[in-house]
1. Can you tell which of 98, 149, 125 is closer than 26 Å to residue 47 by Cα, modelled with pLDDT of 70 or more, among the charged types (D, E, K, R) and open to solvent by less than 40 Å² (accessible area, probe 1.4 Å)?
2. Out of the helices (runs of 4 or more DSSP H) lying entirely within the range 1-76, which hold 2 or more residues that are open to solvent by less than 30 Å² (accessible area, probe 1.4 Å) and closer than 23 Å to residue 142 by Cα?
Amino acid sequence: KSLDISNLPSDIIRKIIRVGQESIDNMRMISPRWNQIALEHLNVSHHLPVIKMFSIREILPARFGWSLYIRIPRHYSTYFGVDRWDIITEFSDGEPIEFVKRISHWPKRLKTRISRLFARCSRIERFYVDNIFNFEVIRRRMDYIIIHELRFLDLKSLD
């Protein structure tokens, strides 16, 4: 007899989603019920993974562009949407891993990805803003994120 995973009991689906959260987007496609349970899971912030570090830095010379850095466990790279960013640091134990995205302007797609990235975490341990003229792009996307350490370095303007 074959097993149809779309008919599993809801408590089993919740357990599968919890342990395989990095693949939650794929699980949402199994059936409408899986999608509903996955969305419920994503709406409870303490279920979400932690971003170890997020940083935005202006590339010098001034106003040339920006670099976005994120430090997360490798298996969450697709979940956070950074799997196509460049890897700059992989720590000796393999986790966490640091990704970077260099940009010369703020396309709408990137703003949407940053919003998604922040919406998919429970908190950010360290958030750094260094040499940036327009913090508004990031600030609008932060909503109710818990940040343990927030550091502004040489910030030019917040208005």
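The values are calculated or read from the model by the stated rules, or taken from the named source; none is laboratory data. Just so you know, these numbers come straight off a predicted model, no measurement behind them. These accessible areas exclude ligands, DNA and RNA; they are computed on the full protein's heavy atoms, side chains included. Shrake-Rupley method; radii C 1.70, N 1.55, O 1.52, S 1.80 Å.
1. Going through 98, 149, 125 in turn, just one is closer than 26 Å to residue 47 by Cα, modelled with pLDDT of 70 or more, among the charged types (D, E, K, R) and open to solvent by less than 40 Å² (accessible area, probe 1.4 Å): 98.
2. In the range 1-76, 32-42 are the helices (runs of 4 or more DSSP H) which contain 2 or more residues that are open to solvent by less than 30 Å² (accessible area, probe 1.4 Å) and closer than 23 Å to residue 142 by Cα.
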